1. Could you tell me how many of the residues in region 194-204 are surrounded by fewer than 18 Cβ atoms within 10 Å (Cβ to Cβ) and under 21 Å from residue 108 (Cα atoms)?
2. All but one of (1) touching a helix residue (DSSP H, G or I) at 6+ places or on another chain (Cβ under 9 Å); (2) free of Cβ contacts under 8 Å to residues at least 24 places away in the same chain; (3) farther than 20 Å from residue 73 by Cα hold for residue 198; which doesn't?
3. For region 44-81, how many residues meet the condition of being surrounded by 12 or more Cβ atoms within 10 Å (Cβ to Cβ) and within 25 Å of residue 233 (Cβ to Cβ)?
4. Residue check: is residue 127 outside any loop (DSSP other than H, G, I, E, B), buried (at least 16 other Cβ atoms within 10 Å of the Cβ) and touching a helix residue (DSSP H, G or I) at 6+ places or on another chain (Cβ under 6 Å)?
5. Return yes or no: is residue 231 outside any strand (DSSP E or B), in contact (Cβ under 8 Å) with a residue 24 or more places away in the chain and in the same structural domain as residue 113 (by TED's automatic domain parsing)?
6. Consider residue 27 against the criteria (1) without any contact (Cβ under 8 Å) to a residue 12 or more places away in the chain; (2) in a loop (DSSP other than H, G, I, E, B); (3) not assigned by TED's automatic domain parsing to the domain that holds residue 105: it satisfies all of them except one. Which criterion is unmet?
7. Pull out all pairs, ordered by first then second residue, where Cβ-Cβ is under 9 Å, the residues are six or more apart or on different chains, the first lies in region 213-225 and is closer than 19 Å to residue 238 by Cβ, and the second is part of a loop (DSSP other than H, G, I, E, B).
């Protein structure tokens, strides 16, 4: 993680401190009522952990800093906060770098890898997890045998497995044994169950995107803080999806 990993836009900091909404916080900054480390703040300014932020001379101390952490989960790690069999836990990879109590948003099965989001923003997590949020998730899948003709069309139209319809938003074949699959609902082991139905097995199954967030070149087992722009994009994306779900 780099030195700027904990940087927040000032209006976000003010909102988290309970001062006002982000938009109203901008007006407080424009009015010259906010100071950072004793100096009058400006629009677009960011703050780092340890900076002193004051409104009308009163130092602000947010009760809890909201954290948004993107982890590249390795295979073999569980997406749970504890395990009575002492199996490795993905959250443990965050270590002391994230002292706040954060929780994973959704899950990846034990032997899948890739993008796993952790946060203590309960409101956002609730939207992302709820089916009405319709958050799309993209996976890169490598199979043991060639993908049969008709697989992509069948998965996109929907496959009935034991009374449950499994349907991909899209399936893009990369080569004979590799494809990208986009899901919306993402039931437990959905891709693996569909592969088994066609006599295939996943050699690797990696989530590379969650809504507007992408895994990029983040090393396996590593994590990073979302940028302020990514947090805003995720919030806007979630709000738009939720609004569409109510329509």
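1. 5
2. That leaves (2) as the condition not met.
3. 17
4. yes
5. yes
6. Condition (2) is where residue 27 drops out.
7. These pairs meet every condition: 213/226; 225/1; 225/4; 225/5; 225/6; 225/7; 225/67; 225/98.
Residue-wise test of (1) in contact with a strand residue (DSSP E or B) (Cβ under 7 Å, 6 or more places away or on another chain); (2) on the phi > 0 side of the Ramachandran plot; (3) assigned to a strand (DSSP E or B); (4) loosely packed, with under 13 Cβ neighbours inside 10 Å.
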residue	(1), (2), (3), (4)
168	yes, no, no, no
171	yes, no, yes, no
174	yes, no, yes, yes
181	yes, no, yes, no
185	no, no, no, no
192	yes, no, no, no
206	yes, no, yes, no
209	yes, no, yes, no
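The values are calculated or read from the model by the stated rules, or taken from the named source; none is laboratory data. Treat the numbers as computed from the prediction; the structure is a model and nothing was measured. Using ideal geometry, Cβ is built from the backbone for each residue, glycine included, and neighbour counts are taken over all protein chains shown.
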